[in-house]
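Report on one structure; see the data block that follows.
The values are calculated or read from the model by the stated rules, or taken from the named source; none is laboratory data. As the structure is a computational prediction, the values presented were derived from the model and not from experiment. A quick note on method: Cβ atoms are made from the backbone with ideal geometry, for glycine too, and the neighbour counts reach across all protein chains shown. To get the accessible areas, we keep the full protein, side chains included, count just its heavy atoms, and leave off ligands, DNA and RNA. Shrake-Rupley method; radii C 1.70, N 1.55, O 1.52, S 1.80 Å.
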Amino acid sequence: MPEVVTVKPRRGRPPYERPVKQMVSLRMDIDVLEGLRATGKGWQTRINTIMREWLKDKPPAL
């Protein structure tokens, strides 16, 4: 009788081909940072969205 092998599913993040995001260090005024944090959970994602919208209207630097 063949041996039955069970494989546990892999835990953690799935593998990916390239990083989607990169950690950065950024200096901001305290009042701006506090205001963003006061908007609640997801404030970092909102910063990303705000910056992406701002970049849409800017020509690329040469």
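Just checking, which of VAL20, VAL7, VAL32 is outside any loop (DSSP other than H, G, I, E, B) and at negative phi?
Matching residue, one of VAL20, VAL7, VAL32: VAL32.
List pairs: first residue in the stretch 16-41 and open to solvent by 100 Å² or more (accessible area, probe 1.4 Å), second residue outside any loop (DSSP other than H, G, I, E, B) anywhere in the structure, Cβ distance under 8 angstrom, at least six positions apart or on different chains.
Taking only residues 6 or more apart or on different chains, the pairs are ARG37/TRP43.
One residue is enough: does the stretch 50-62 have a residue meeting the conditions surrounded by 10 or more Cβ atoms within 10 Å (Cβ to Cβ) and either in a loop (DSSP other than H, G, I, E, B) or in contact with a Cys (Cβ under 6 Å, 6 or more places away or on another chain) (or both)?
Within the stretch 50-62, none of the residues are surrounded by 10 or more Cβ atoms within 10 Å (Cβ to Cβ) and either in a loop (DSSP other than H, G, I, E, B) or in contact with a Cys (Cβ under 6 Å, 6 or more places away or on another chain) (or both).
Suppose the filter is open to solvent by 100 Å² or more (accessible area, probe 1.4 Å), part of a helix (DSSP H, G or I) and modelled with pLDDT under 95; does GLN44 pass it?
The answer is yes for GLN44.
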